[in-house]
Amino acid sequence: MKPVTRIASKTVVLATRDVDTDQIMPARFLTTTSREGLGDKVFFDLRFDGAGAPRKDFVLNRPEAAGCSVLVAGRNFGCGSSREHAPWGLLDYGFEAVISSELADIFRNNALKNGLVAIVVDEETHDWLLDNPGADVVIDVENTTLTLPDERTVEFELDGFARYCLVEGTDQLGFLQRQLDAIERFEEIRPWKP
Amino acid sequence: MSTPRTLFEKVWADHVVVAETDDTPAVIYIDLHIIHEVTTPQAFSLLREQGLPVRRPDLVLATLDHSTPTTPVSSFKDLLVAGEGAARQVRQMEQNCREFGIELLGFGSGRRGIVHVIGPELGATQPGKTIVCGDSHTSTHGAFGALAFGIGTTEVGHVLATQCLLQRKPKTLAVNVDGSLPAGVTAKDVILAVIGRIGVDGGTGHVIEYRGGAIRALDMEARMTICNMSIEGGARAGMIAPDDVTFEYLEGRERAPRGADWDMALARWRSLFSDDAATFDRSVDIDAASLVPMVTFGTNPGMVVGIDEPVPAGSDPSFRKALDYMQVETGKPMSANAVDVVFVGSCTNGRISDIEEAARILEGRKVAPGVRMLVVPGSEQVKAEAEARGLDRIVVAAGAEWREAGCSMCLGMNGDIAQPGQLCVSTSNRNFEGRQGIGARTVLASPATAAASAIAGRVADPREYV
């Protein structure tokens with residue numbers, strides 16, 4: 001995993017609340033056995049109509065969305081299915097961060113484990129971001145701060161361990177493998193066996 | 001005196017390998033890892049890349065359910081009904097299990113089925129275990145007093161490689177359902193009402209414990225329906241303290257302990273309840289006697305009304321968007337809507353008692369002209385038992401389709417889909433846009449409501465059919 005310390009980008013805003021992972025990555029694309037190439041499928045049914053033509057009114061199809069790597073999402077983004085294909089697709093599409101006032105637990109976990117900076121800000125900041133699409137923001141992962149265009153800086157929520165892994169570019173499996181002695185000891189001494 | 005603890009806290013504490021600190025999450029031991037073809041290929045690829053074995057293949061339960069067709073399968077050609085990608089994925093799973101020494105309950109095993117149906121029916125799901133699966137409805141297994149939750153594919157890899165996960169301890173939410181359920185009101189109606197009450201994000205960051213007289217009065221399959229949909233309220237896990245109903249269900253099952261092991265397990269299981277003085281971070285009270293059959297009207301499981309209540313009004317753009325997608329009107333009850341498809345099945349309602357509940361209403365009646373009804377058993381064992389009881393004949397005589405076991409129309413990835421614009425009354429768990437096929441409109445309901453709707457040709461109150 002590449003280290004992620006700082007992201008500077010204009011925002012693209014998807015204000016709808018409770019956007020579920022079926023919207024982010026429809027089930028019919030889950031028959032892949034790879035994690036590559038899912039960027040083409042992300043938000044597929046919101047981006048394209050039944051005939052495969054881009055829906056002009058969808059925010060990602062507007063010219064100003066091009067090159068934006070920070071997605072500001074409505075409350076409870078990523079709810080529903082645990083499919084990791086959702087963050088894989090968002091990353092492959094070019095997003096580096098998702099900001100909301102609340103993120104679904106499994107989505108947030110999956111995102112952070114893949115280097116997609118999934119962060120939660122306070123309601124007031126979130127409202128401001130929703131009202132100001134295209135804002136230039138800077139996410140400082142190491143100091144857990146978000147800087148808005150008027151130089152206002154707010155703190156965001158990010159688990160300390162997830163932050164460490166993002167900044168170092170460390171994957172969590174390595175950390176777990178270093179616990180193998182403790183795991184073996186646990187298996188030996190526990191009073192019952194599964 | 002030890003500190004009073006909740007059920008969740010007892011199970012959590014029993015599995016801490018390394019305690020959490022401010023800087024690092026806890027290392028939690030996993031007793032049972034259930035895997036299926038859709039969320040594991042990339043995890044096995046990772047093991048291959050890093051040259052790692054599966055550390056405890058004996059603690060893995062593997063099956064095929066999500067991208068398998070519900071028409072008979074005896075060759076690769078039969079798998080293609082679900083599409084080429086789906087067929088390849090099934091083959092990949094068979095290959096991965098062979099290569100890594102995992103027993104696969106596949107086609108012809110007589111044990112294949114939806115992950116959350118076969119764990120309990122085999123007796124592999126047990127009180128006090130930690131259970132994970134790359135599927136958000138893993139919360140189902142909490143009905144036995146297990147701590148069970150869905151994980152992503154990266155975490156599937158972690159468990160395969162180490163049998164452990166890194167976790168922050170969640171908060172606790174008590175959902176108390178007291179009183180008695182009125183006739184015709186089922187577990188599905190209870191959980192839809194709970195989600196309507198707390199909202200689709202009401203349980204975020206929490207483990208729910210379902211408590212109270214109305215929960216205690218439910219059988220195990222009904223309890224599984226309740227815990228199954230915890231994730232639809234945002235909670236990763238839902239639990240019910242085990243009791244004699246739980247123990248009676250488990251005794252004698254294929255993978256349940258036997259003899260002296262059973263006695264020891266039982267003694268341990270009997271300590272799995274929330275102590276009287278234990279405190280929860282939050283609690284919600286629901287009066288069972290006030291509940292009616294519930295149906296969803298929108299595009300998430302929190303958008304729910306009583307069968308005879310009008311669809312509510314809302315000004316929020318997300319709410320308006322949902323009503324537009326569903327083509328339903330504020331102020332009218334859901335029974336105003338004609339039905340195109342009815343689906344009975346899934347990890348929520350694909351067990352024998354669910355099929356029985358639907359069959360009781362279908363018996364001696366006919367599915368309305370123009371309505372397509374699928375009844376899909378949750379496992380090969382459920383199918384065999386239903387056929388032994390003659391339920392399949394009732395289903396077919398009513399004009400519905402009786403299929404092979406699988407996830408089927410719960411999610412559009414195995415060939416079973418509703419067409420754009422069609423309204424499907426479904427016993428599954430998600431009414432998200434496009435979940436059952438592009439443009440399909442889903443109304444979540446109990447098996448009884450689904451069967452009544454199939455007969456009426458519109459969304460219908462099951463209490464008129466008993």
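In the P(r) worked out for the protein assembly as shown, what percent of Cα pairs fall beyond 36 Å?
Every Cα pair in the protein assembly as shown considered, those over 36 Å come to 35 percent.
Hey, what's chain B come to in accessible area per residue, 1.4 Å probe, Å²?
33 Å²
With θ taken as phi - 60° and the coefficients 6.51, -1.76 and 1.60, list the Karplus ³J(HN,Hα) couplings across region B:152-161 in order, rounded to whole Hz; mark glycine and proline as x.
Computed from phi, the couplings for region B:152-161 are x, 5, 4, 6, 4, x, 4, 5, 4, 7 Hz.
Need one value for A:109-121: mean number of C-beta atoms belonging to other chains within 10 Å of its residues' C-beta atoms.
Mean inter-chain Cβ contacts per residue within 10 Å come to 2.
Chain A: percent of C-alpha pairs farther apart than 21 Å?
54 percent
How do B:171, A:2 stack up against each other in accessible area, from largest to smallest, with a 1.4 angstrom probe?
So, going from the largest accessible area down, we get A:2, B:171.
Pick out, from B:359, B:427, B:370, the residue whose Cα sits farthest towards the positive end of the charge dipole of region B:351-466, with +1 on the Cβ of Lys and Arg and -1 on the Cβ of Asp and Glu.
B:370
In whole Å, what is the distance between the alpha-carbon centres of region B:446-466 and region B:151-168?
42 Å
With a Förster radius of 51 Å, plug the Cβ-Cβ distance of residue A:124 and residue A:51 into 1/(1 + (r/R0)^6) and report the FRET value to the nearest 0.05.
Once rounded, the FRET efficiency stands at 0.75.
So if the hydrodynamic radius of region B:192-283 is defined as the Kirkwood radius over C-alpha pairs, what does Stokes-Einstein give as its diffusion coefficient at 25 °C and 0.890 mPa s, in µm² per second?
It diffuses with D of about 167 µm²/s by this estimate.
Could you pull out every residue, at least 5 positions away or on a different chain, whose amide H is within less than 5 Å of the one on residue B:18? Hs are placed 1.01 Å off N in the peptide plane, and Pro or chain starts have none.
B:27
Which residues, if any, in region B:146-162 lose at least 10 square angstrom of accessible heavy-atom surface (probe 1.4 Å) when the other protein chains sit next to their chain rather than the chain being alone?
Those are B:150, B:151, B:152, B:153, B:154, B:155, B:158, B:161, B:162, which lose 10 Å² or more relative to the chain on its own.
Which lysines does residue A:2 reach when only Cα atoms under 19 Å apart count, and residues fewer than 8 places away in its own chain are ignored?
A:113
Would you mind getting the Kirkwood hydrodynamic radius of region B:316-431 from its Cα pairs, rounded to one decimal in Å?
15.1 Å
For region B:308-375, what size does the Cα cloud have along each of its three principal axes, sorted from largest down, in whole Å?
Extents along the principal axes, in whole Å: 42, 28, 20.
Students often check this: by mean Cβ neighbours within 10 Å, which of A:91-100, B:70-79, B:187-196 ranks highest, and how do the rest follow?
Put in order of decreasing packing, that is B:187-196, A:91-100, B:70-79.
Compute the separation of the alpha-carbon centres of region B:69-127 and region B:200-258 and state it in Å as a whole number.
25 Å
Kindly give Rg over Rh for region A:86-181, based on alpha-carbon atoms, with the Kirkwood expression for the hydrodynamic radius.
Reported Rg/Rh (Cα atoms, Kirkwood Rh): 1.01.
Between residue B:282 and residue B:94, what length comes free when the chain is fully extended (0.36 nm per residue of separation minus the Cα-Cα distance, one decimal in nm)?
63.3 nm
Express in % the proportion of alpha carbon pairs of region B:1-148 at distances exceeding 19 Å.
59 percent
Over the whole of A:176-182, what's the average partner chain Cβ count within 10 Å per residue? Rounded to a whole number, please.
Mean shielding by partner chains, rounded to a whole number: 5.
I'd like the accessible area for residue A:181, computed on protein heavy atoms only with a 1.4 Å probe and all protein chains in place. Round to 10 Å², please.
My reading of the accessible area for residue A:181 is about 110 Å².
Leaving ligands, DNA and RNA out of it, rank B:402, B:269 by accessible area with a 1.4 Å probe, largest first.
B:402, B:269
Find the sum over both chains of the accessible area lost when A and B are paired, probe 1.4 Å, and report it in Å² to the nearest 100.
Counting protein atoms only, the buried area is about 4800 Å².
Under a Cβ-only charge scheme (Lys and Arg +1, Asp and Glu -1), can you give me the dipole magnitude of region A:67-155 about the Cα centre, in debye to the nearest 20?
Computed about the Cα centre, the dipole is about 500 debye.
With all protein chains present and a 1.4 Å probe, how do A:128, A:192 order by accessible area, largest first?
A:128, A:192
Only four residue types carry charge here, +1 at the Cβ of Lys and Arg and -1 at the Cβ of Asp and Glu. Report the dipole size of chain A about the Cα centre in Debye, rounded to the nearest 20.
680 debye
Could you look at the protein assembly as shown and say what percent of its accessible area is carbon and sulfur, using a 1.4 Å probe and all protein chains?
Heavy-atom surface of the protein assembly as shown belonging to carbon and sulfur, 1.4 Å probe: 48 percent.
Would you please calculate the Kirkwood hydrodynamic radius of region B:268-321 over all C-alpha pairs and express it in Å, rounded to one decimal?
15.0 Å
Shielding by partners for B:201-213, please: the mean number of other protein chain Cβ atoms within 10 Å of each residue's Cβ.
2
Report, in debye and to the nearest 20, how large the dipole of region B:311-459 comes out about its Cα centre when Lys and Arg carry +1 and Asp and Glu carry -1 on their Cβ.
320 debye
So what's the gap between the Cα centers of region B:285-317 and region B:25-57, to the nearest angstrom?
39 Å
The values are calculated or read from the model by the stated rules, or taken from the named source; none is laboratory data. Worth saying up front: this structure is predicted, and the values here are computed from it rather than measured. Positions of Cβ are backbone-derived with ideal geometry, glycine not excepted, and every protein chain shown enters the neighbour counts. Just the protein is used for accessible areas: all its heavy atoms, side chains included, with ligands, DNA and RNA removed. Shrake-Rupley method; radii C 1.70, N 1.55, O 1.52, S 1.80 Å.
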